[in-house]
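One structure below.
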Ligand code: AMP
Ligand code: MG
């Protein structure tokens with residue numbers, strides 16, 4: 001058995017949160033565009049502009065079941081007026097023409113409005129009678145304006161107009177629009193192949209009964225669930241803290257994926273082998289250790305083939321924070337992180353020169369400002385605090401006293 005040389009440099013200098021995020025975003029993956037059947041596009045990012053092939057709606061569409069009349073000719077309808085019914089225009093039939101200006105045509109919702117009519121009166125406002133074998137509609141409401149109950153051609157969008165911009169996240173609304181303009185296939189950004197790897201000898205899978213000294217692994221499930229919100233289906237692995245096995249398995253996993261997200265094994269412990277193994281595998285360190293709490297030991301690197309490795313500290317709070325602060329923006333394709341603001345509800349002292357990410361619960365006050373209340377917690381190992389937490393308030397490393405009522409950047413995940 002070969003012994004791997006593991007060297008841990010305890011004196012590595014840390015980089016700031018801003019610098020770390022800048023490096024992460026600079027290394028976003030190049031877009032890979034694929035064409036997929038429409039239904040497979042849901043949840044993905046659109047990679048083409050979608051234009052209207054016809055007007056929306058494409059013809060003057062009857063919007064209620066009832067009768068169509070020519071109000072431009074009649075100009076006024078009084079209660080009790082009787083109109084001869086000439087014909088019926090059903091949905092799906094080619095346009096018919098009303099020959100008598102003072103007559104009416106029965107029309108159904110979704111039908112094209114008959115030629116020589118401009119207004120629809122719904123059945124609810126009508127009675128019917130038959131005189132000498134001819135059918136008449138009796139109108140129960142007065143009317144003086146033309147155009148009611150007609151969905152006019154082009155009123156919503158005109159032909160050739162831009163309907164959906166590329167870069168839009170596709171939801172059922174975009175699917176409906178693309179269906180109506182006849183996009184049976186559309187171009188989307190391909191989701192990268194992502195592996196989520198938990199490490200640690202103390203971790204057992206969720207269907208197992210842990211011994212006293214063991215815990216079930218939660219990070220990989222959390223990461224996979226969070227990634228699925230970004231449209232990424234990750235493959236899950238677990239590796240023990242055995243350097244040789246770690247290196248061999250990680251070599252294979254690296255070859256088969258675009259991005260690796262590891263949790264655990266990047267701190268200063270005697271079995272924290274991940275940074276060294278990554279370098280052995282040709283993944284160049286872009287940074288190790290960020291001046292933040294939680295998540296200080298965060299390691300980030302890139303292989304010569306452009307594969308990206310996020311090696312996150314294993315404490316659940318650290319993994320969680322690092323995902324939402326760095327990994328999610330990396331996958332979102334944004335060149336800059338878009339941060340919300342929230343107002344701190346209680347004064348905080350924090351004297352270390354680290355950016356402090358405080359788990360908070362939030363509410364809106366009367367002025368619709370977001371108020372963030374820090375949650376008591378026992379540090380980055382406190383998994384349970386995440387249940388009542390809406391996000392993290394980002395308190396900058398440059399300050400030590402954070403006054404209540406002051407506004408800070410806020411990362412939310414609920
Ligand atoms: P490490 O970063 O490997 O030093 O781990 C730090 C702490 O996080 C240890 O208490 C681990 O047991 C815990 N931890 C690491 N990975 C996971 C995981 N996948 N799920 C839950 N806890 C973990
Ligand atoms: Mg570990």
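None of the figures in this text is laboratory data; all of them are computed from the coordinates on show. Remember, it's a predicted structure, so these values are computed and weren't measured experimentally. No Cβ is skipped: glycine too gets one built from the backbone with ideal geometry, and neighbour counts run over all protein chains shown.
Using a cutoff of 8 angstrom between alpha carbon atoms and counting only pairs six or more residues apart, the relative contact order for the chain works out to 16 percent. Listing 97, 355 from fewest to most neighbouring C-beta atoms within 10 Å gives 97, 355.
Considering only 291, 13, 380, the mean-square fluctuation computed in a Gaussian network model of the chain, springs between alpha carbons under 10 angstrom, is largest for 13.
How would segment 185-267 be classified by its alpha-carbon gyration tensor: rounded, prolate or oblate, with rounded meaning a/c under 1.5 and the a/b versus b/c comparison settling the rest? In terms of gyration-tensor shape, oblate.
State the antiparallel share, in %, of DSSP beta bridges confined to the chain, rounding to the nearest 5. Write out the running numbers ahead of the final one.
Values: 60 of 86 bridges.
If I count the DSSP bridges inside the chain, around 70 percent turn out antiparallel.
Please work out whether segment 354-414 counts as rounded, prolate or oblate from its C-alpha gyration tensor, where a ≥ b ≥ c are the square roots of the eigenvalues and a/c under 1.5 means rounded, while otherwise a/b larger than b/c means prolate and anything else oblate? The shape class here is oblate.
Give the angle, between 0 and 90 degrees and rounded to the nearest 10, that separates the Cα long axis of helix 219-229 from the longest principal axis of the Cα atoms of the chain. Helix 219-229 sits roughly 30 degrees off the main axis of the chain. Between 264, 147, 282, find the one with the highest GNM mean-square fluctuation for the chain; connect C-alpha pairs within less than 10 Å. Taking springs between Cα atoms under 10 Å, the residue moving most is 147. Short-range pairs are left out: with C-alpha atoms under 8 Å and at least six residues apart, the relative contact order of segment 239-332 is 27 percent.
Taking other C-beta atoms within 10 angstrom as a stand-in for reagent exposure, 332, 144, 198, 263 fall in the order 144, 332, 198, 263, fewest first. For the pair residue 109 and residue 335, label points projected 7 Å from Cα toward Cβ lie 4.7 nm apart. Taken as Cα centroids, segment 275-291 and segment 204-228 sit 25 Å apart, rounded to the nearest whole angstrom.
In the chain, the longest principal axis of the Cα atoms and the axis of helix 17-26 are about 60 degrees apart. Under 10 Å, Cα contacts only: if you run a Gaussian network model on the chain, which one of 310, 350, 331 comes out with the highest mean-square fluctuation? Of 310, 350, 331, the Gaussian network model singles out 350 as fluctuating most.
Our estimate of slack between residue 401 and residue 225, defined as 0.36 nm per intervening residue step minus the Cα-Cα distance, is 59.8 nm.
Going by the alpha-carbon gyration tensor, a ≥ b ≥ c the square roots of its eigenvalues, is segment 235-313 rounded (a/c under 1.5) or, if a/c is not under 1.5, prolate (a/b greater than b/c) versus oblate?
On the way: a/c = 1.65, a/b = 1.23, b/c = 1.34.
Because a/c hits 1.5 or more and a/b fails to exceed b/c, segment 235-313 counts as oblate.
Available extension along the chain between residue 208 and residue 160 is 11.5 nm, counting 0.36 nm per residue and deducting the alpha carbon span.
Seen against the Cα atoms of the chain and their longest principal axis, helix 243-256 is set at about 30 degrees. Using the Cβ-Cβ distance between residue 124 and residue 364 with R0 = 51 Å, the FRET efficiency computed as 1/(1 + (r/R0)^6) comes to roughly 0.75. Between residue 215 and residue 256, the modelled label-to-label distance comes to 2.8 nm, taking each label 7 Å out from Cα in the direction of the beta carbon.
Relative contact order for segment 94-177: what is it in percent, counting Cα pairs under 8 Å that are at least 6 residues apart? Don't skip to the answer; put the middle values down first.
Details: 60 pairs, mean separation 17.7, N = 84.
Taking the mean separation of contacting Cα pairs over the length of segment 94-177, I get 21 percent.
With 0.36 nm allotted per residue and the present C-alpha distance subtracted, the residue 101-residue 84 stretch has 5.1 nm of extension available.
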